[in-house]
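A quick write-up on the structure given underneath.
The values are calculated or read from the model by the stated rules, or taken from the named source; none is laboratory data. Everything numeric in this text was worked out from a predicted model, so none of it was measured. Heads up, the Cβs are rebuilt from the backbone with ideal geometry, glycines too, and the neighbour counts pull from every protein chain shown.
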């Protein structure tokens, strides 16, 4: 399965959280990161005291696992409009970056792996929400 990783899952994986490591190892045929997740990660790296170390770990992970980056393009923007419209119509807003992450996931036909329960509000994507 094409696994699209949310920011919290990248962090869990980097910390060696067994549940996440096992799931990625056994269920993924492809690992993808939305460019929006990269923005969140790079922001977190910059805020921390180990900026260069965390960025080096990130580069190593992307290279060693063959992670693909999902860029925001016209197709993703159209998917964003679908997701955001549906959420707005139901009155169930979620953080805007997560709408973009869902749109990226839709554009590649992937399954989102996350810990954020508010993704339950997005019917247009397949997802695995860990506790």
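Within the range 111-125, the residues that satisfy the criterion of being crowded, with 19+ Cβ neighbours inside 10 Å and under 10 Å from the mean Cα position of the chain (by Cα) are 112, 113, 114.
Can you find a residue that is surrounded by 17 or more Cβ atoms within 10 Å (Cβ to Cβ), modelled with pLDDT of 95 or more and within 13 Å of residue 3 (Cα to Cα) anywhere in the range 16-23? Yes: one or more hits. Count of the range 49-70 residues, restricted to those that are surrounded by 10 or more Cβ atoms within 10 Å (Cβ to Cβ) and either farther than 19 Å from residue 25 by Cα or touching a strand residue (DSSP E or B) at 6+ places or on another chain (Cβ under 8 Å) (or both), is 12.
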